Amino acid sequence: MSNATATTPRSDLAPRIASNDPADHSVPQGREEEWRFTPLAAIEDFFELGESWGSVIAPDGEFVTTMSAASADLLAWEGVDRPSALVHSGAEQIVSIDIPAENEVDGVIVVDLAGQQASNYARIDIRAGAFSRATVVLRHDMTSDVNGVIVTDIADQANLTVLNIHDGPRNSRHLWHWHSTVGRDASLLGLSITLGGSFVRMQPSVRYAGPGGSVEMLGAFLATDAQFQEFRIFIDHNEPHCTSNVVYKGALSGKSAHTVWIGDVLVRREAVGIETYELNRNLLLGDGPRADSVPNLELETGDVVGAGHASATGRFDDEQLFYLQSRGIPEVLARQLVVRGFFVEVLDKVANEELRADVLRRIEERIGMDVLDAQLGRGSEESA
């Protein structure tokens with residue numbers, strides 16, 4: 001009989017360096033899994049500390065404060081790559097959004113983020129105290145380049161909705177990390193609406209701080225000529241009886257439009273009784289756009305309620321367009337109706353009617369501009 005000792009595999013099969021020291025992170029070369037889809041030449045300056053970079057700020061108001069990074073009580077989080085570590089070193093000011101415990105905020109907390117230089121670092125901390133409830137909208141400044149980090153802490157039994165809106169000129173570059181910690185029986189609804197910018201890379205990640213947490217990460221994005229958009233989602237199921245649902249939908253037009261969606265879900269051995277699902281759908285509105293979609297699910301335990309993923313990319317249905325036009329509906333409006341229906345699964349999650357109407361208006365205006373540009377033979381840079 002063998003006396004060999006059995007060993008168990010490490011709990012994290014894909015460890016990453018976590019450090020706020022940029023020297024601990026190498027400059028990406030494009031061969032790394034995390035960067036293999038990204039056009040690194042477009043953001044070379046994001047990998048070195050910029051002496052002329054400013055800090056993103058926001059007007060102070062109830063629950064919102066812009067303060068010196070040196071005096072701020074920052075939420076605990078360590079950079080997972082060189083750009084996020086550079087934010088820790090370079091951001092001189094931070095935007096803090098603090099929802100006190102047991103405070104149910106009526107309406108929406110709208111935060112307009114403004115860059116002070118052509119290129120900026122951004123650090124945003126969002127705290128939702130225990131038993132609180134609030135909706136926060138971050139409207140990003142698309143007139144300047146930004147390398148930013150958002151850290152969100154949702155305490156026990158809090159309910160927080162965070163909406164990121166990237167809408168504006170198509171010539172700025174944005175690279176964001178967004179890390180959330182979800183407490184016991186707490187809920188997070190995170191939405192990303194991406195319409196503007198020439199380069200946008202958004203990396204949401206979630207970790208649970210107790211059982212019973214619930215997370216929905218949703219996204220709607222439009223990309224056209226010369227726009228690159230990348231979304232890398234990581235859900236770390238490290239607590240039992242938690243749930244996560246990821247739904248991202250994108251519409252692409254123009255020959256050089258390129259989007260990337262990576263959905264990573266890790267279910268650790270102690271995360272029994274969890275339920276998770278991730279979905280990505282991409283709608284190609286013409287010939288030429290490229291949509292990369294890679295869902296990944298890693299299970300270290302089989303004791304789960306449910307776990308799955310789905311991904312699909314397809315062309316715009318010309319028969320739907322013909323049907324609507326045959327009923328006298330102009331092409332621009334017909335395309336808006338079809339794409340609006342495509343995004344309804346995401347946008348219906350926005351409970352506030354005024355906010356949902358604003359997002360729909362932004363999407364419809366952008367679709368109308370793209371169709372008009374195509375008819376007139378104009379490029380997206382000219383129309384922006």
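The values are calculated or read from the model by the stated rules, or taken from the named source; none is laboratory data. Fair warning: this is a prediction, and the values are worked out from it, not measured in the lab. Positions of Cβ are backbone-derived with ideal geometry, glycine not excepted, and every protein chain shown enters the neighbour counts.
Kindly establish whether ALA85 is in contact (Cβ under 8 Å) with a residue 40 or more places away in the chain, out of contact with any Pro (no Cβ under 6 Å at 6 or more places or on another chain) and either buried (at least 20 other Cβ atoms within 10 Å of the Cβ) or not β-branched (Val, Ile, Thr) (or both). Break it down into steps so the answer makes sense when it comes.
On the way: in contact (Cβ under 8 Å) with a residue 40 or more places away in the chain: yes; out of contact with any Pro (no Cβ under 6 Å at 6 or more places or on another chain): no; either buried (at least 20 other Cβ atoms within 10 Å of the Cβ) or not β-branched (Val, Ile, Thr) (or both): yes.
Taking the combined requirement at face value, the residue does not satisfy it.
Which of (1) crowded, with 16+ Cβ neighbours inside 10 Å; (2) modelled with pLDDT of 95 or more is the odd one out, the single condition ALA69 does not satisfy?
The one condition ALA69 does not meet is (2).
Report yes if VAL304 is surrounded by 15 or more Cβ atoms within 10 Å (Cβ to Cβ), in a helix (DSSP H, G or I) and at pLDDT 85 or above, otherwise no.
Values: surrounded by 15 or more Cβ atoms within 10 Å (Cβ to Cβ): yes; in a helix (DSSP H, G or I): no; at pLDDT 85 or above: yes.
Against the criterion (surrounded by 15 or more Cβ atoms within 10 Å (Cβ to Cβ), in a helix (DSSP H, G or I) and at pLDDT 85 or above), VAL304 does not qualify.
Among all residue pairs at least 6 apart or on different chains, which show Cβ distances below 8 Å where the first residue, located in region 130-145, is farther than 15 Å from GLY197 by Cα and in contact (Cβ under 8 Å) with a residue 12 or more places away in the chain and the second is part of a loop (DSSP other than H, G, I, E, B) and of a type in the set (S, T, N, Q)?
Filtered contacts from region 130-145: ALA130/GLN157; PHE131/GLN157; SER132/ASN103; ARG133/ASN103; ALA134/ASN103; THR135/ASN352.
Any residue at all in region 338-350 that is modelled with pLDDT of 80 or more, farther than 20 Å from PHE221 by Cβ and either buried (at least 17 other Cβ atoms within 10 Å of the Cβ) or not hydroxyl-bearing (Ser, Thr, Tyr) (or both)?
The answer is no; no qualifying residue exists.
So which pairs qualify, if the first residue must be in region 194-206 and closer than 16 Å to SER144 by Cα and part of a loop (DSSP other than H, G, I, E, B), the second must be of a type in the set (Val, Ile, Thr) and at pLDDT below 95, the Cβ gap must be under 6 Å, and the two must be at least 6 apart or on different chains?
Matching pairs, first to second residue: none at all.
Scan GLU216, GLU239 and give me the residue that is touching a Phe, Trp or Tyr at 6+ places or on another chain (Cβ under 7 Å) and of a type in the set (D, E, K, R). Don't jump to the end; show me each part of the working.
Details: GLU216 fails: touching a Phe, Trp or Tyr at 6+ places or on another chain (Cβ under 7 Å).
GLU239 is the lone residue from the list that is touching a Phe, Trp or Tyr at 6+ places or on another chain (Cβ under 7 Å) and of a type in the set (D, E, K, R).
Regarding region 97-108, can at least one residue be identified that is buried (at least 20 other Cβ atoms within 10 Å of the Cβ), at pLDDT 95 or above, among the β-branched types (Val, Ile, Thr) and part of a strand (DSSP E or B)?
Applying the first criterion (buried (at least 20 other Cβ atoms within 10 Å of the Cβ)) to region 97-108 yields 97, 99.
Okay, now just the ones that are also at pLDDT 95 or above, so 97, 99.
With among the β-branched types (Val, Ile, Thr) added as a condition, the list becomes 97, 99.
Applying the additional criterion that residues be part of a strand (DSSP E or B) yields 97, 99.
Within region 97-108, one or more residues are buried (at least 20 other Cβ atoms within 10 Å of the Cβ), at pLDDT 95 or above, among the β-branched types (Val, Ile, Thr) and part of a strand (DSSP E or B).
Take residues that are over 19 Å from the mean Cα position of the chain (by Cα), under 23 Å from ARG361 (Cβ atoms) and of a type outside the set (Phe, Trp, Tyr) and tell me which of the strands (runs of 3 or more DSSP E) falling wholly in region 209-288 contain 1 or more. Spell out how you get there, then give the answer.
Details: elements: 214-223, 228-237, 243-252, 258-267, 275-284.
Ranges flagged: none.
Quick one: how many residues across region 278-298 are surrounded by fewer than 17 Cβ atoms within 10 Å (Cβ to Cβ) and not β-branched (Val, Ile, Thr)?
Initial filter on region 278-298 (surrounded by fewer than 17 Cβ atoms within 10 Å (Cβ to Cβ)): 286-288, 292, 294, 296-298.
Checking which are not β-branched (Val, Ile, Thr) leaves us with 286-288, 292, 296-298.
Count: 7.
Closer than 13 Å to LEU252 by Cα, in contact with a strand residue (DSSP E or B) (Cβ under 8 Å, 6 or more places away or on another chain), crowded, with 17+ Cβ neighbours inside 10 Å and not charged (D, E, K, R): does that describe ILE367? Please lay out each step first, then the result.
Values: closer than 13 Å to LEU252 by Cα: yes; in contact with a strand residue (DSSP E or B) (Cβ under 8 Å, 6 or more places away or on another chain): yes; crowded, with 17+ Cβ neighbours inside 10 Å: yes; not charged (D, E, K, R): yes.
Considered against the rule, which asks whether it is closer than 13 Å to LEU252 by Cα, in contact with a strand residue (DSSP E or B) (Cβ under 8 Å, 6 or more places away or on another chain), crowded, with 17+ Cβ neighbours inside 10 Å and not charged (D, E, K, R), ILE367 comes out as yes.
Looking at region 152-162, can you tell me whether even one residue there is at pLDDT below 95, within 26 Å of ASP348 (Cα to Cα) and crowded, with 20+ Cβ neighbours inside 10 Å?
Quick first cut of region 152-162, residues at pLDDT below 95 only: none.
No, there is no match, as no residue in region 152-162 is at pLDDT below 95, within 26 Å of ASP348 (Cα to Cα) and crowded, with 20+ Cβ neighbours inside 10 Å.
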